[in-house]
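What follows is a set of notes on a single structure, which appears directly below.
The values are calculated or read from the model by the stated rules, or taken from the named source; none is laboratory data. Just so you know, these numbers come straight off a predicted model, no measurement behind them. Glycine also receives a Cβ, built like all others from the backbone with ideal geometry; neighbour counts cover every protein chain displayed. Quick note on the areas: whole protein, heavy atoms, side chains included, nothing else; ligands and nucleic acids left out. Shrake-Rupley method; radii C 1.70, N 1.55, O 1.52, S 1.80 Å.
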Amino acid sequence: MSVYKCVTCTAEYEFRGERVYCVCGSLLDVEHGFVASRRDALELFRARRAAPRHEADRSGVWRFREFVLPELSPDEIVTRQEGHTRLYRFPRTNAWLGMDSVRFKHEGENPTGSFKDRGMTAAMSWARKNGAQAVVCASTGNTAAAVASYAALAGLKAVILISEKGTAHGKVAQSLAYGAVAIMIRGDFDAALRLVMDSREELGLTVLNSVNAVRLEGQKTIIWELLEQMGWDNPPDWIVVPGGNLGNTAAFGKALREARALGWIRKTPRIAVVQAAGAAPFAQAFRSGWRPATVQADTIATAIKIGAPVNFSKAVRTVQETDGHVTAVTDREIMDAKAVLDSDGVGAEPASCATAAGLRKMLEENVIRSDESAVAVLTGNFLKDPDAVIGYHTGSLPGLAASFANRPAVIEPDLQSLKRALELL
């Protein structure tokens, strides 16, 4: 039987509807009463993927459903067959890193182009089961796109609050196209989230930001799928993830904790969190012995442009439990890493590429050894923020010098001009 459980005082609450905070003011986890043998569980996951019997079996989240939301029947699940994202090896990126045993798990391959779909299928399914009529989120863009898409599938009204400035156009376009009620605020993500939390009860809205503990139940399947792909008995030494609101960091720790308790793994990977230097309150807290910090966020990596991460306490637990690490990288380091990673022919949005930049930094600082193995999670699709790509390669990003720019040539439409341009190659 599942319960909501406080991460601080361990108080428990009935697992029903939406509950965000404990009476002590702390966040909640969803805790399940798991009973399963290792062999039976892992064989069930494999069998569902090989021969799906329900629509839910085709999802990389709901193949694990007894360990995500056992209260839901397959017919109650709102799914777009999310998950099943690839695990890549990028030769050019690995050579640039100087670490051959790195793999990249690309969550940008989800239906709306980011990892948020994994959390949204869980949160939206639970919201609909509990009678929600309208859902709401504050967003830097990816959450809004996922909320809009899954709300359309679930038949619920979606309200999204996004910053008037600094939200990537690709993400705004998705939210508008999928039919959400879009509200642009004159403020940043942190201001938008405060407004969401202040208004939710009065306006009768179910919050689908990562403060919603059910959402993290979906996101933890990133780790279980990764472990399955690597071989449950051969997990990587490190898992590297971008850090914004720290929902993934929280979910990843929970996934590893549960996998270890259930006997699915015998070794726990270490979690490394990478933030943008202009939005690095978690990295600042790590350096100071975990004194909470907030900042005025400013970074080109809009998906992690968050100055007051709500999942701070859960993320601290993850880093402590896995003997992990937190670092920060500059916008130039992010965009240079992105240029290298993109050149392998798949690419990702800027925030995703913070993982590659962070890996390089941690290798240089001997936090990670070159003979260790790592999986870096790429959280969003390349086309989420094309403006940043064009700006980098054309040299039009203010104050950012591009080390790997691939500048387009502009010529007259005649053969001689084309020949001269090609001679420069």
Looking only at the stretch 3-17, count every residue that is open to solvent by less than 50 Å² (accessible area, probe 1.4 Å) and either aromatic (F, W, Y) or at pLDDT 95 or above (or both) and tell me the total. 7
One residue from S396, S373 being open to solvent by 50 Å² or more (accessible area, probe 1.4 Å) and small (G, A, S): S396
Would you be able to tell me the number of residues in the stretch 156-185 that are without any contact (Cβ under 8 Å) to a residue 24 or more places away in the chain and either in contact with a helix residue (DSSP H, G or I) (Cβ under 6 Å, 6 or more places away or on another chain) or more than 21 Å from D387 (Cα to Cα) (or both)? 0
If you take the residues of the stretch 18-36 that are closer than 18 Å to D198 by Cα and assigned to a loop (DSSP other than H, G, I, E, B), which of them is most open to solvent (accessible area, probe 1.4 Å)? V23
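Here is a list: A405, A356, A328. Which entry is in contact with a Ser or Thr (Cβ under 8 Å, 6 or more places away or on another chain) and open to solvent by less than 30 Å² (accessible area, probe 1.4 Å)?
Just one listed residue meets the conditions, A356.
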Within the stretch 261-273, is there a residue that is among the polar types (S, T, N, Q) and under 14 Å from the mean Cα position of the chain (by Cα)? no
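This table checks each residue for (1) in contact with a strand residue (DSSP E or B) (Cβ under 6 Å, 6 or more places away or on another chain); (2) not hydrophobic (A, V, I, L, M, F, W, C).
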{"residue": "G108", "(1), (2)": "yes, yes"}
{"residue": "T112", "(1), (2)": "no, yes"}
{"residue": "D117", "(1), (2)": "no, yes"}
{"residue": "M124", "(1), (2)": "no, no"}
Residue among S163, S114, S199 that alone is surrounded by 24 or more Cβ atoms within 10 Å (Cβ to Cβ) and among the hydroxyl-bearing types (S, T, Y): S114
Quick check: anything in the stretch 186-205 β-branched (V, I, T) and farther than 22 Å from G244 by Cβ? no
Criterion first (over 28 Å from A293 (Cα atoms), modelled with pLDDT of 95 or more, crowded, with 24+ Cβ neighbours inside 10 Å and not charged (D, E, K, R)) does Y178 satisfy it? no
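I'm trying to understand the selection: among the residues of the stretch 132-155, which are outside any helix (DSSP H, G or I) and touching a residue at least 40 places away in the same chain (Cβ under 8 Å)?
Those that are outside any helix (DSSP H, G or I) and touching a residue at least 40 places away in the same chain (Cβ under 8 Å): A132, Q133, A134, V135, V136, C137, A138, S139, T140, G141.
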Hey, A337 hits all of (1) open to solvent by 10 Å² or more (accessible area, probe 1.4 Å); (2) small (G, A, S); (3) in a helix (DSSP H, G or I); (4) over 17 Å from S114 (Cβ atoms) but one; which does it fall short on? (1)
Identify the residue in the stretch 301-325 that is of a type in the set (D, E, K, R) and surrounded by fewer than 21 Cβ atoms within 10 Å (Cβ to Cβ) and, among all such residues, is nearest to A357 (Cα to Cα). D323
Taking the stretch 37-68 as the region of interest, how many residues are surrounded by 15 or more Cβ atoms within 10 Å (Cβ to Cβ) and either closer than 18 Å to M120 by Cα or basic (K, R) (or both)? 15
Enumerate the helices (runs of 4 or more DSSP H) found wholly within the stretch 348-425, keeping only those where 3 or more residues are without any contact (Cβ under 8 Å) to a residue 12 or more places away in the chain and more than 23 Å from the chain's Cα centre (by Cα). 415-423
Kindly indicate which of Q81, Q133 is under 28 Å from V159 (Cβ atoms) and at pLDDT below 95. Q133
I'd like to verify a number: residues in the stretch 79-97 that are open to solvent by 50 Å² or more (accessible area, probe 1.4 Å), farther than 21 Å from H54 by Cβ and in a loop (DSSP other than H, G, I, E, B), how many? 2
Identify all residues within the stretch 249-287 that are of a type in the set (G, A, S) and within 20 Å of D190 (Cβ to Cβ); write none if there are none. A250, A276, A277, G278, A279, A280, A283, A285
Please indicate, with yes or no, whether at least one residue in the stretch 252-269 is buried (at least 20 other Cβ atoms within 10 Å of the Cβ), within 13 Å of T318 (Cβ to Cβ) and among the polar types (S, T, N, Q). no
Pairs where the first residue, in the stretch 275-298, is assigned to a loop (DSSP other than H, G, I, E, B) and the second is open to solvent by less than 20 Å² (accessible area, probe 1.4 Å) and of a type in the set (V, I, T), C-beta under 7 Å, 6+ apart: W290/V316; A297/I306
